[in-house]
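The values are calculated or read from the model by the stated rules, or taken from the named source; none is laboratory data. None of the values given here were measured: they were computed from a predicted structure. Glycine gets a Cβ as well: all are built from the backbone with ideal geometry, and neighbour counts include every protein chain shown. Remember, those area values only see protein heavy atoms, side chains included, never the ligands or the DNA or RNA. Shrake-Rupley method; radii C 1.70, N 1.55, O 1.52, S 1.80 Å.
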Amino acid sequence: MGFNDIIAALGAHPFIAIGLAGITYFFLLAFYRLYLHPLAHIPGPKLPIVTYWYEFYNDVILHGKTLEKYPEWHKKYGPIIRINPNELHSMDPAFIDTIYATASGGRKRDKSSFFLQAFPLYDSCFGTIDHDLHRVRRASLNPFFSKINARKFESDICHYINKQFDQIESYSKTGEVCNLSLAFANLSIDIITYVAFGWDREYTSNRDFIPNLFGPLRSSMALSHAMRHIPILYKLMSEYIPESIIAKLDPGMSEFIGFEKQIYRTVDDVFDGKQTWNKLEGRKTVFQEILDGNFPAQEKTKERLKEGAREVIGAGALTTSTAITYLSYYLHANPSVLAKLYAELERAIPDPTNLPSSTELETLPYLNACLHETLRFSTGIASRCPRVPHESLLYTSSTPSFCNPSGKQYTYAIPARTPISTSAYHMHNNPDIFPDPGAFRPERWLDEQGNRHKELDVGFMPFSRGTRSCVGMNLAWVVMHLEAAAFVRRFGHRLSLFETGSEEVDFDHDGFEVGHSSSKGVRVLVN
Ligand code: HEM
(Lines give C-alpha, C1' and ligand atoms only; values in the text may rest on other atoms or scores of the structure.)
Protein backbone atom coordinates (compact mmCIF):
# COMPACT_ATOMS: atom_id res chain seq x y z
CA MET A 1 0.00 0.00 0.00
CA GLY A 2 1.55 3.28 -1.06
CA PHE A 3 1.41 6.69 0.63
CA ASN A 4 -1.39 7.85 -1.68
CA ASP A 5 -3.44 4.75 -0.79
CA ILE A 6 -3.04 5.50 2.92
CA ILE A 7 -4.18 9.10 2.41
CA ALA A 8 -7.14 7.86 0.36
CA ALA A 9 -8.08 5.30 3.06
CA LEU A 10 -7.89 7.96 5.79
CA GLY A 11 -9.94 10.32 3.64
CA ALA A 12 -12.63 7.66 3.47
CA HIS A 13 -12.58 7.27 7.29
CA PRO A 14 -12.26 10.81 8.69
CA PHE A 15 -12.83 9.79 12.35
CA ILE A 16 -9.98 7.31 12.21
CA ALA A 17 -7.83 10.02 10.60
CA ILE A 18 -8.66 12.52 13.35
CA GLY A 19 -8.00 9.87 16.02
CA LEU A 20 -4.61 8.99 14.55
CA ALA A 21 -3.69 12.66 14.21
CA GLY A 22 -4.61 13.19 17.89
CA ILE A 23 -2.53 10.23 19.04
CA THR A 24 0.44 11.34 16.95
CA TYR A 25 0.16 14.88 18.34
CA PHE A 26 0.01 13.55 21.92
CA PHE A 27 3.12 11.41 21.46
CA LEU A 28 5.05 14.22 19.78
CA LEU A 29 4.03 16.62 22.55
CA ALA A 30 5.00 14.10 25.21
CA PHE A 31 8.37 13.57 23.53
CA TYR A 32 8.93 17.33 23.35
CA ARG A 33 7.98 17.87 26.99
CA LEU A 34 10.17 15.03 28.24
CA TYR A 35 13.29 15.50 26.12
CA LEU A 36 13.35 18.81 24.25
CA HIS A 37 11.60 21.26 26.57
CA PRO A 38 13.79 24.00 28.18
CA LEU A 39 13.09 22.32 31.57
CA ALA A 40 13.96 18.80 30.32
CA HIS A 41 17.14 18.75 32.45
CA ILE A 42 15.09 19.08 35.66
CA PRO A 43 13.68 15.79 36.93
CA GLY A 44 10.16 14.96 37.98
CA PRO A 45 7.46 12.33 37.64
CA LYS A 46 6.81 11.52 33.98
CA LEU A 47 3.02 11.62 33.81
CA PRO A 48 2.51 15.17 35.20
CA ILE A 49 5.36 16.38 32.98
CA VAL A 50 3.69 14.91 29.92
CA THR A 51 0.17 16.18 30.53
CA TYR A 52 -1.87 18.64 32.63
CA TRP A 53 -4.59 16.00 32.78
CA TYR A 54 -2.75 14.37 35.69
CA GLU A 55 -3.06 17.56 37.78
CA PHE A 56 -6.64 17.98 36.57
CA TYR A 57 -7.53 14.48 37.75
CA ASN A 58 -5.92 14.90 41.18
CA ASP A 59 -7.04 18.46 41.88
CA VAL A 60 -10.42 18.67 40.16
CA ILE A 61 -11.78 15.12 40.23
CA LEU A 62 -10.16 13.99 43.48
CA HIS A 63 -10.41 17.50 44.97
CA GLY A 64 -7.10 19.16 45.85
CA LYS A 65 -4.90 16.08 46.05
CA THR A 66 -1.82 17.05 44.00
CA LEU A 67 -0.16 19.02 46.82
CA GLU A 68 0.08 15.88 48.96
CA LYS A 69 2.16 14.19 46.28
CA TYR A 70 4.99 16.73 46.27
CA PRO A 71 6.92 15.32 49.28
CA GLU A 72 7.05 11.83 47.75
CA TRP A 73 8.14 13.27 44.36
CA HIS A 74 10.80 15.41 46.02
CA LYS A 75 12.08 12.38 47.91
CA LYS A 76 12.53 10.55 44.62
CA TYR A 77 13.72 13.35 42.34
CA GLY A 78 15.41 15.93 44.60
CA PRO A 79 14.75 19.42 45.99
CA ILE A 80 13.73 21.03 42.66
CA ILE A 81 11.28 19.14 40.46
CA ARG A 82 8.94 19.60 37.54
CA ILE A 83 5.36 19.26 38.71
CA ASN A 84 3.64 19.82 35.38
CA PRO A 85 4.83 20.49 31.82
CA ASN A 86 5.90 24.09 32.48
CA GLU A 87 6.28 24.56 36.22
CA LEU A 88 8.81 23.82 38.96
CA HIS A 89 8.44 23.27 42.69
CA SER A 90 11.09 23.64 45.38
CA MET A 91 11.30 22.01 48.79
CA ASP A 92 14.46 23.81 49.91
CA PRO A 93 13.78 26.52 52.54
CA ALA A 94 17.03 28.25 51.58
CA PHE A 95 15.57 28.92 48.12
CA ILE A 96 12.37 30.64 49.36
CA ASP A 97 13.80 34.16 49.25
CA THR A 98 15.11 33.61 45.73
CA ILE A 99 11.72 32.48 44.44
CA TYR A 100 9.70 35.03 46.43
CA ALA A 101 12.25 37.80 46.02
CA THR A 102 12.05 41.41 47.11
CA ALA A 103 12.64 44.02 44.41
CA SER A 104 16.22 44.62 45.59
CA GLY A 105 18.79 44.39 42.82
CA GLY A 106 16.05 44.98 40.25
CA ARG A 107 14.61 41.49 40.62
CA LYS A 108 11.17 41.18 39.09
CA ARG A 109 8.51 38.59 39.76
CA ASP A 110 5.40 38.16 37.59
CA LYS A 111 2.53 35.96 38.65
CA SER A 112 1.79 32.83 36.67
CA SER A 113 -1.05 33.29 34.18
CA PHE A 114 -2.00 29.60 34.55
CA PHE A 115 -2.25 29.98 38.34
CA LEU A 116 -4.33 33.17 38.04
CA GLN A 117 -6.92 31.52 35.82
CA ALA A 118 -8.27 30.20 39.12
CA PHE A 119 -8.85 33.79 40.33
CA PRO A 120 -9.62 35.96 37.35
CA LEU A 121 -9.25 39.27 39.20
CA TYR A 122 -6.89 40.84 36.71
CA ASP A 123 -7.62 44.41 37.90
CA SER A 124 -6.69 43.58 41.50
CA CYS A 125 -3.27 43.64 43.09
CA PHE A 126 -3.34 39.89 43.78
CA GLY A 127 -4.45 39.13 40.21
CA THR A 128 -1.96 41.36 38.38
CA ILE A 129 0.39 39.27 36.26
CA ASP A 130 2.98 41.90 35.37
CA HIS A 131 5.57 42.90 37.98
CA ASP A 132 5.71 46.60 37.07
CA LEU A 133 1.94 47.08 37.00
CA HIS A 134 1.73 45.26 40.31
CA ARG A 135 4.20 47.76 41.83
CA VAL A 136 1.85 50.64 40.90
CA ARG A 137 -1.20 48.86 42.32
CA ARG A 138 0.60 47.78 45.43
CA ALA A 139 1.70 51.40 46.03
CA SER A 140 -1.97 52.39 46.01
CA LEU A 141 -2.71 49.93 48.86
CA ASN A 142 0.45 50.33 50.94
CA PRO A 143 -0.52 53.54 52.82
CA PHE A 144 -3.83 52.09 53.94
CA PHE A 145 -2.25 48.88 55.22
CA SER A 146 0.80 50.50 56.86
CA LYS A 147 1.52 49.55 60.47
CA ILE A 148 0.67 53.05 61.72
CA ASN A 149 -2.64 53.12 59.85
CA ALA A 150 -3.60 49.57 60.91
CA ARG A 151 -3.35 50.62 64.55
CA LYS A 152 -5.87 53.42 63.98
CA PHE A 153 -8.57 50.77 63.51
CA GLU A 154 -8.26 49.30 67.00
CA SER A 155 -11.38 50.83 68.51
CA ASP A 156 -13.51 49.70 65.52
CA ILE A 157 -12.03 46.22 65.73
CA CYS A 158 -12.75 46.05 69.48
CA HIS A 159 -16.31 47.21 68.85
CA TYR A 160 -16.99 44.20 66.61
CA ILE A 161 -15.07 41.82 68.90
CA ASN A 162 -17.23 42.83 71.88
CA LYS A 163 -20.40 42.55 69.82
CA GLN A 164 -19.60 39.05 68.56
CA PHE A 165 -18.28 37.83 71.92
CA ASP A 166 -21.55 38.98 73.55
CA GLN A 167 -23.31 36.71 71.04
CA ILE A 168 -21.03 33.81 71.98
CA GLU A 169 -21.59 34.57 75.67
CA SER A 170 -25.34 34.27 75.18
CA TYR A 171 -24.89 30.55 74.37
CA SER A 172 -24.02 30.00 78.04
CA LYS A 173 -27.61 30.82 78.98
CA THR A 174 -29.22 28.34 76.57
CA GLY A 175 -26.67 25.51 76.58
CA GLU A 176 -26.72 25.44 72.76
CA VAL A 177 -23.67 24.42 70.78
CA CYS A 178 -21.75 27.42 69.49
CA ASN A 179 -19.93 27.13 66.18
CA LEU A 180 -16.76 29.21 66.50
CA SER A 181 -15.79 28.75 62.84
CA LEU A 182 -18.98 30.58 61.83
CA ALA A 183 -18.67 33.14 64.62
CA PHE A 184 -15.09 34.11 63.72
CA ALA A 185 -15.88 34.20 60.00
CA ASN A 186 -18.67 36.74 60.55
CA LEU A 187 -16.51 38.73 62.92
CA SER A 188 -13.77 38.91 60.28
CA ILE A 189 -16.14 40.01 57.52
CA ASP A 190 -17.55 42.82 59.66
CA ILE A 191 -14.10 44.00 60.69
CA ILE A 192 -12.56 43.93 57.22
CA THR A 193 -15.51 45.49 55.39
CA TYR A 194 -15.85 48.25 57.96
CA VAL A 195 -12.22 49.23 58.44
CA ALA A 196 -11.43 48.97 54.73
CA PHE A 197 -14.62 50.39 53.19
CA GLY A 198 -16.75 51.85 55.96
CA TRP A 199 -19.54 49.31 55.24
CA ASP A 200 -21.25 47.85 58.27
CA ARG A 201 -22.46 44.48 56.96
CA GLU A 202 -23.90 43.62 60.40
CA TYR A 203 -22.99 39.95 60.17
CA THR A 204 -22.17 40.08 63.88
CA SER A 205 -25.78 41.12 64.60
CA ASN A 206 -26.95 37.56 64.00
CA ARG A 207 -26.86 35.40 67.07
CA ASP A 208 -27.02 32.17 65.04
CA PHE A 209 -24.18 33.45 62.77
CA ILE A 210 -26.45 33.05 59.70
CA PRO A 211 -26.12 34.32 56.97
CA ASN A 212 -22.46 33.48 56.87
CA LEU A 213 -19.78 33.79 54.22
CA PHE A 214 -17.65 30.97 55.66
CA GLY A 215 -19.26 28.35 53.38
CA PRO A 216 -19.51 30.62 50.32
CA LEU A 217 -15.90 31.77 50.49
CA ARG A 218 -14.81 28.18 50.93
CA SER A 219 -17.00 27.13 47.99
CA SER A 220 -15.43 29.77 45.79
CA MET A 221 -11.94 28.64 46.79
CA ALA A 222 -12.83 25.00 46.32
CA LEU A 223 -13.70 25.86 42.72
CA SER A 224 -10.27 27.36 42.15
CA HIS A 225 -8.71 24.14 40.82
CA ALA A 226 -11.52 23.62 38.32
CA MET A 227 -11.31 27.27 37.19
CA ARG A 228 -7.55 27.01 36.71
CA HIS A 229 -8.05 24.15 34.27
CA ILE A 230 -11.35 25.34 32.74
CA PRO A 231 -11.14 29.16 32.87
CA ILE A 232 -14.51 29.69 31.17
CA LEU A 233 -16.21 28.23 34.28
CA TYR A 234 -16.03 31.49 36.26
CA LYS A 235 -17.57 33.54 33.45
CA LEU A 236 -20.30 30.95 33.03
CA MET A 237 -21.14 30.94 36.72
CA SER A 238 -21.01 34.67 37.30
CA GLU A 239 -22.58 35.89 34.04
CA TYR A 240 -24.57 33.25 32.20
CA ILE A 241 -26.00 30.68 34.59
CA PRO A 242 -29.06 32.14 36.39
CA GLU A 243 -28.55 32.68 40.10
CA SER A 244 -31.51 30.42 40.88
CA ILE A 245 -29.74 27.47 39.24
CA ILE A 246 -26.45 28.22 41.01
CA ALA A 247 -28.36 28.43 44.30
CA LYS A 248 -29.71 24.95 43.68
CA LEU A 249 -26.32 23.54 42.63
CA ASP A 250 -24.33 25.29 45.33
CA PRO A 251 -26.17 27.52 47.83
CA GLY A 252 -22.84 28.80 49.16
CA MET A 253 -21.75 30.01 45.77
CA SER A 254 -24.96 31.93 45.21
CA GLU A 255 -24.57 33.74 48.57
CA PHE A 256 -21.04 34.63 47.52
CA ILE A 257 -22.09 35.92 44.10
CA GLY A 258 -24.86 37.95 45.77
CA PHE A 259 -22.31 39.51 48.14
CA GLU A 260 -20.03 40.28 45.22
CA LYS A 261 -22.88 41.94 43.32
CA GLN A 262 -23.66 44.16 46.31
CA ILE A 263 -20.06 45.35 46.34
CA TYR A 264 -20.19 46.04 42.61
CA ARG A 265 -23.50 47.91 42.91
CA THR A 266 -22.09 50.21 45.58
CA VAL A 267 -19.11 51.09 43.36
CA ASP A 268 -21.45 51.68 40.37
CA ASP A 269 -23.75 53.88 42.48
CA VAL A 270 -20.88 56.06 43.63
CA PHE A 271 -19.51 56.44 40.09
CA ASP A 272 -23.03 57.27 38.84
CA GLY A 273 -23.45 59.88 41.59
CA LYS A 274 -26.28 58.01 43.35
CA GLN A 275 -24.38 57.83 46.63
CA THR A 276 -21.07 58.98 48.09
CA TRP A 277 -18.26 56.92 49.61
CA ASN A 278 -18.66 56.30 53.28
CA LYS A 279 -16.65 58.79 55.27
CA LEU A 280 -14.85 57.59 58.37
CA GLU A 281 -13.68 59.96 61.07
CA GLY A 282 -10.00 60.85 60.89
CA ARG A 283 -9.03 58.32 58.21
CA LYS A 284 -9.63 57.22 54.66
CA THR A 285 -11.13 54.03 53.23
CA VAL A 286 -9.18 51.91 50.76
CA PHE A 287 -11.18 53.51 47.93
CA GLN A 288 -10.32 57.03 49.05
CA GLU A 289 -6.63 56.14 49.36
CA ILE A 290 -6.66 54.90 45.75
CA LEU A 291 -8.71 57.80 44.35
CA ASP A 292 -6.72 60.50 46.18
CA GLY A 293 -3.35 58.95 45.29
CA ASN A 294 -1.09 60.11 42.52
CA PHE A 295 -1.81 57.19 40.19
CA PRO A 296 -2.65 56.99 36.49
CA ALA A 297 -6.35 57.37 35.62
CA GLN A 298 -6.62 53.71 34.55
CA GLU A 299 -5.86 52.78 38.17
CA LYS A 300 -8.95 54.66 39.35
CA THR A 301 -11.58 52.98 37.24
CA LYS A 302 -14.73 51.23 38.41
CA GLU A 303 -13.26 47.84 37.54
CA ARG A 304 -10.10 48.51 39.49
CA LEU A 305 -12.09 49.52 42.59
CA LYS A 306 -14.50 46.60 42.33
CA GLU A 307 -11.76 44.05 42.11
CA GLY A 308 -9.76 45.88 44.77
CA ALA A 309 -12.73 45.51 47.14
CA ARG A 310 -13.20 41.88 46.25
CA GLU A 311 -9.58 41.00 46.81
CA VAL A 312 -9.32 42.77 50.15
CA ILE A 313 -12.42 41.02 51.47
CA GLY A 314 -11.59 37.69 49.87
CA ALA A 315 -7.96 37.72 50.98
CA GLY A 316 -8.49 39.19 54.41
CA ALA A 317 -11.58 37.56 55.82
CA LEU A 318 -11.14 33.80 55.97
CA THR A 319 -7.37 33.85 56.40
CA THR A 320 -7.69 35.79 59.66
CA SER A 321 -10.75 33.95 60.91
CA THR A 322 -9.27 30.53 60.11
CA ALA A 323 -6.21 31.44 62.17
CA ILE A 324 -8.24 32.46 65.22
CA THR A 325 -10.55 29.46 64.87
CA TYR A 326 -7.52 27.15 64.77
CA LEU A 327 -6.12 28.91 67.84
CA SER A 328 -9.39 28.34 69.70
CA TYR A 329 -9.26 24.64 68.80
CA TYR A 330 -5.61 24.06 69.68
CA LEU A 331 -5.92 25.92 73.00
CA HIS A 332 -8.85 23.78 74.09
CA ALA A 333 -7.25 20.59 72.81
CA ASN A 334 -4.10 21.49 74.81
CA PRO A 335 -5.29 22.68 78.25
CA SER A 336 -1.75 23.30 79.55
CA VAL A 337 -1.13 25.77 76.70
CA LEU A 338 -4.44 27.49 77.44
CA ALA A 339 -3.56 27.72 81.16
CA LYS A 340 -0.17 29.28 80.41
CA LEU A 341 -1.61 31.79 77.94
CA TYR A 342 -4.47 32.67 80.29
CA ALA A 343 -2.01 33.31 83.14
CA GLU A 344 0.04 35.65 80.92
CA LEU A 345 -3.06 37.53 79.78
CA GLU A 346 -4.51 37.75 83.29
CA ARG A 347 -1.34 39.55 84.41
CA ALA A 348 -1.29 41.83 81.37
CA ILE A 349 -5.01 42.61 81.25
CA PRO A 350 -6.34 43.20 84.79
CA ASP A 351 -9.67 44.48 83.44
CA PRO A 352 -10.98 42.17 80.68
CA THR A 353 -13.34 44.88 79.42
CA ASN A 354 -10.40 47.17 78.77
CA LEU A 355 -7.95 45.68 76.28
CA PRO A 356 -4.45 47.14 75.98
CA SER A 357 -3.34 48.32 72.52
CA SER A 358 -2.10 45.78 70.01
CA THR A 359 1.39 47.32 70.42
CA GLU A 360 1.36 46.29 74.10
CA LEU A 361 -0.08 42.87 73.26
CA GLU A 362 2.73 42.30 70.77
CA THR A 363 5.21 42.43 73.66
CA LEU A 364 3.62 39.37 75.35
CA PRO A 365 5.95 36.48 74.48
CA TYR A 366 3.60 33.56 74.98
CA LEU A 367 0.70 35.19 73.11
CA ASN A 368 3.08 35.85 70.25
CA ALA A 369 4.38 32.30 70.34
CA CYS A 370 0.81 30.93 70.29
CA LEU A 371 -0.05 33.09 67.26
CA HIS A 372 3.08 32.00 65.38
CA GLU A 373 2.34 28.35 66.13
CA THR A 374 -1.26 28.87 65.02
CA LEU A 375 -0.20 30.42 61.70
CA ARG A 376 2.17 27.51 61.21
CA PHE A 377 -0.89 25.23 61.28
CA SER A 378 -3.45 27.46 59.59
CA THR A 379 -0.81 28.21 56.92
CA GLY A 380 -2.53 31.13 55.18
CA ILE A 381 -2.62 29.70 51.68
CA ALA A 382 -2.00 25.99 51.33
CA SER A 383 -1.75 25.91 47.53
CA ARG A 384 1.50 26.50 45.75
CA CYS A 385 1.71 30.20 44.77
CA PRO A 386 4.07 30.34 41.81
CA ARG A 387 6.21 33.31 40.83
CA VAL A 388 7.70 33.91 37.42
CA PRO A 389 11.20 35.41 37.77
CA HIS A 390 12.28 37.66 34.91
CA GLU A 391 15.89 36.54 35.33
CA SER A 392 17.33 33.04 35.15
CA LEU A 393 18.04 31.42 38.52
CA LEU A 394 20.83 29.16 39.65
CA TYR A 395 19.92 26.58 42.26
CA THR A 396 22.55 24.78 44.33
CA SER A 397 21.33 22.60 47.17
CA SER A 398 22.04 24.15 50.52
CA THR A 399 22.25 21.40 53.12
CA PRO A 400 23.09 17.67 53.17
CA SER A 401 19.38 16.81 53.33
CA PHE A 402 19.00 18.38 49.89
CA CYS A 403 21.96 16.57 48.31
CA ASN A 404 21.59 13.42 46.24
CA PRO A 405 22.14 9.98 47.87
CA SER A 406 25.89 10.03 47.07
CA GLY A 407 26.20 13.34 48.95
CA LYS A 408 26.60 15.44 45.79
CA GLN A 409 24.93 18.84 45.60
CA TYR A 410 22.17 19.30 43.07
CA THR A 411 22.79 22.23 40.72
CA TYR A 412 20.26 23.47 38.21
CA ALA A 413 20.14 26.43 35.86
CA ILE A 414 16.52 27.55 35.76
CA PRO A 415 15.62 29.49 32.61
CA ALA A 416 14.18 33.00 32.95
CA ARG A 417 10.36 33.21 33.05
CA THR A 418 9.89 29.72 34.49
CA PRO A 419 6.98 29.55 36.96
CA ILE A 420 8.32 28.20 40.26
CA SER A 421 6.86 27.86 43.73
CA THR A 422 7.16 26.29 47.11
CA SER A 423 4.26 25.56 49.47
CA ALA A 424 3.85 27.08 52.92
CA TYR A 425 2.06 23.92 54.04
CA HIS A 426 5.14 21.76 53.41
CA MET A 427 7.55 24.34 54.80
CA HIS A 428 5.53 24.61 58.00
CA ASN A 429 5.65 20.83 58.40
CA ASN A 430 9.37 20.44 57.73
CA PRO A 431 10.70 18.40 60.70
CA ASP A 432 14.23 19.79 60.25
CA ILE A 433 12.91 23.24 61.13
CA PHE A 434 9.90 22.32 63.26
CA PRO A 435 10.64 19.00 65.00
CA ASP A 436 7.51 16.93 65.66
CA PRO A 437 5.58 19.24 63.30
CA GLY A 438 2.17 17.73 64.11
CA ALA A 439 2.39 18.88 67.76
CA PHE A 440 1.00 22.30 68.73
CA ARG A 441 3.93 23.59 70.82
CA PRO A 442 4.16 27.39 71.14
CA GLU A 443 7.30 26.88 73.26
CA ARG A 444 9.25 26.01 70.11
CA TRP A 445 9.12 29.72 69.19
CA LEU A 446 10.77 30.92 72.45
CA ASP A 447 14.31 30.71 73.77
CA GLU A 448 15.15 30.52 77.49
CA GLN A 449 15.01 34.31 77.86
CA GLY A 450 11.53 34.35 76.34
CA ASN A 451 12.74 35.91 73.07
CA ARG A 452 11.41 34.58 69.80
CA HIS A 453 13.60 32.07 67.97
CA LYS A 454 14.32 33.96 64.76
CA GLU A 455 15.97 30.95 63.11
CA LEU A 456 12.56 29.29 62.67
CA ASP A 457 11.65 32.12 60.30
CA VAL A 458 13.66 30.36 57.58
CA GLY A 459 10.69 28.07 56.88
CA PHE A 460 7.86 30.29 58.09
CA MET A 461 5.85 31.96 55.35
CA PRO A 462 2.14 32.33 56.24
CA PHE A 463 2.08 35.73 54.52
CA SER A 464 4.37 34.59 51.69
CA ARG A 465 7.51 36.66 51.02
CA GLY A 466 8.88 39.35 48.74
CA THR A 467 7.11 41.82 46.50
CA ARG A 468 3.89 39.78 46.24
CA SER A 469 3.56 38.98 49.96
CA CYS A 470 0.42 39.83 51.94
CA VAL A 471 -0.29 43.55 51.97
CA GLY A 472 -2.74 43.08 54.87
CA MET A 473 -0.17 41.54 57.20
CA ASN A 474 -0.01 44.50 59.62
CA LEU A 475 -3.78 44.62 59.89
CA ALA A 476 -3.91 40.83 60.31
CA TRP A 477 -1.46 40.97 63.23
CA VAL A 478 -3.45 43.77 64.91
CA VAL A 479 -6.72 41.84 64.49
CA MET A 480 -5.25 38.53 65.63
CA HIS A 481 -3.61 40.01 68.75
CA LEU A 482 -6.80 41.78 69.79
CA GLU A 483 -9.13 38.85 69.01
CA ALA A 484 -6.90 36.24 70.66
CA ALA A 485 -6.31 38.30 73.80
CA ALA A 486 -9.98 39.22 74.17
CA PHE A 487 -11.13 35.65 73.49
CA VAL A 488 -8.84 33.96 76.01
CA ARG A 489 -9.19 36.66 78.67
CA ARG A 490 -12.97 36.67 78.40
CA PHE A 491 -13.80 32.98 78.01
CA GLY A 492 -10.73 31.51 79.71
CA HIS A 493 -11.55 27.97 80.78
CA ARG A 494 -15.31 28.31 80.29
CA LEU A 495 -15.46 26.65 76.86
CA SER A 496 -15.33 22.94 76.14
CA LEU A 497 -15.01 21.37 72.71
CA PHE A 498 -18.21 19.72 71.47
CA GLU A 499 -17.82 16.76 69.10
CA THR A 500 -14.74 18.50 67.73
CA GLY A 501 -11.56 16.52 67.25
CA SER A 502 -8.43 17.25 65.26
CA GLU A 503 -10.22 16.09 62.08
CA GLU A 504 -12.02 19.47 62.06
CA VAL A 505 -8.74 21.30 61.49
CA ASP A 506 -6.37 18.67 60.07
CA PHE A 507 -5.32 19.20 56.48
CA ASP A 508 -6.92 16.65 54.14
CA HIS A 509 -6.93 18.50 50.81
CA ASP A 510 -5.69 21.65 49.15
CA GLY A 511 -8.73 23.91 48.97
CA PHE A 512 -6.47 26.95 48.37
CA GLU A 513 -6.71 27.43 52.14
CA VAL A 514 -5.91 24.48 54.37
CA GLY A 515 -9.02 22.52 55.01
CA HIS A 516 -10.83 19.38 55.83
CA SER A 517 -13.53 18.56 53.31
CA SER A 518 -16.09 17.29 55.81
CA SER A 519 -15.37 19.78 58.61
CA LYS A 520 -18.44 20.94 60.51
CA GLY A 521 -16.44 23.66 62.22
CA VAL A 522 -14.97 24.05 65.69
CA ARG A 523 -17.94 23.73 68.06
CA VAL A 524 -17.97 24.48 71.77
CA LEU A 525 -20.27 24.59 74.77
CA VAL A 526 -20.07 27.82 76.74
CA ASN A 527 -20.20 27.44 80.55
C1 HEM B 1 -3.79 35.63 58.99
C2 HEM B 1 -4.17 36.43 58.04
C3 HEM B 1 -3.63 36.44 56.63
C4 HEM B 1 -2.84 35.55 55.97
C5 HEM B 1 -2.26 34.26 56.52
C6 HEM B 1 -2.64 36.05 54.62
C7 HEM B 1 -1.88 35.42 53.64
C8 HEM B 1 -1.61 35.97 52.40
C9 HEM B 1 -0.71 35.38 51.42
C10 HEM B 1 0.06 34.09 51.61
C11 HEM B 1 -0.69 36.20 50.34
C12 HEM B 1 0.13 36.01 49.06
C13 HEM B 1 -0.66 35.32 48.00
C14 HEM B 1 0.17 34.94 46.81
O15 HEM B 1 1.28 34.48 46.96
O16 HEM B 1 -0.31 35.06 45.70
C17 HEM B 1 -1.59 37.29 50.60
C18 HEM B 1 -1.84 38.33 49.73
C19 HEM B 1 -2.75 39.33 50.00
N20 HEM B 1 -3.43 39.55 51.17
FE21 HEM B 1 -3.28 38.44 52.85
N22 HEM B 1 -3.33 37.22 54.49
C23 HEM B 1 -3.93 37.50 55.70
C24 HEM B 1 -4.69 38.60 56.00
C25 HEM B 1 -4.99 39.61 55.13
C26 HEM B 1 -5.80 40.77 55.44
C27 HEM B 1 -6.39 41.07 56.82
C28 HEM B 1 -5.92 41.48 54.29
C29 HEM B 1 -6.67 42.76 54.03
C30 HEM B 1 -7.68 43.19 54.71
C31 HEM B 1 -5.18 40.78 53.25
C32 HEM B 1 -5.07 41.20 51.94
C33 HEM B 1 -4.23 40.63 51.01
C34 HEM B 1 -4.06 41.16 49.66
C35 HEM B 1 -4.78 42.38 49.08
C36 HEM B 1 -3.13 40.33 49.04
C37 HEM B 1 -2.56 40.50 47.61
C38 HEM B 1 -1.28 41.30 47.75
C39 HEM B 1 -0.52 41.50 46.47
O40 HEM B 1 -0.71 40.75 45.53
O41 HEM B 1 0.29 42.43 46.44
N42 HEM B 1 -4.63 39.66 53.80
N43 HEM B 1 -2.13 37.13 51.87
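The table below lists the values:
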quantity	calculated
Region 183-207 residues that are at negative phi, paired with ones that are polar (S, T, N, Q) and not in a helix (DSSP H, G or I) (beta carbon under 6 Å, 6 or more apart)	A185/N212; N186/N212; F197/T285
Candidate set: region 442-479, residues that are surrounded by 15 or more Cβ atoms within 10 Å (Cβ to Cβ) and over 23 Å from the mean Cα position of the chain (by Cα); chosen: the one nearest to the ligand (Cβ to nearest atom)	R444
Subset of region 334-357 [farther than 16 Å from L482 by Cα and small (G, A, S)]	S336, A339, A343
Filtered residues of region 38-50 (kept if open to solvent by 20 Å² or more (accessible area, probe 1.4 Å) and not in a helix (DSSP H, G or I))	P38, A40, H41, P43
Region 479-493 residues that are in contact (Cβ under 8 Å) with a residue 24 or more places away in the chain and under 16 Å from C178 (Cβ atoms), paired with ones that are open to solvent by less than 10 Å² (accessible area, probe 1.4 Å) and within 11 Å of the ligand (Cβ to nearest atom) (beta carbon under 6 Å, 6 or more apart)	E483/I324
All positions within region 104-114 that are more than 8 Å from the ligand (Cβ to nearest atom) and not hydroxyl-bearing (S, T, Y)	G105, G106, R107, K108, R109, D110, F114
Scope region 118-142; condition in a helix (DSSP H, G or I) and within 7 Å of the ligand (Cβ to nearest atom); matching residues	H134, R138, L141
Checking A439 against (1) in contact with a helix residue (DSSP H, G or I) (Cβ under 9 Å, 6 or more places away or on another chain); (2) outside any helix (DSSP H, G or I), the condition it does not meet	(1)
Matching entry among P400, P415, P431 (being under 26 Å from the mean Cα position of the chain (by Cα) and either free of Cβ contacts under 8 Å to residues at least 40 places away in the same chain or not assigned by TED's automatic domain parsing to the domain that holds A476 (or both))	P431
Residue satisfying condition, being at pLDDT 85 or above, open to solvent by 50 Å² or more (accessible area, probe 1.4 Å) and of a type in the set (V, I, T), within set I192, I241, I230	I230
Every pair of residues 6+ apart whose Cβ atoms lie under 6 Å, when the first sits in region 141-157 and is over 16 Å from E281 (Cα atoms) while the second is away from the ligand (no atom under 11 Å from the Cβ)	P143/E289
Count - residues of region 490-527 that are open to solvent by 30 Å² or more (accessible area, probe 1.4 Å), out of contact with any Lys or Arg (no Cβ under 8 Å at 6 or more places or on another chain) and not acidic (D, E)	12
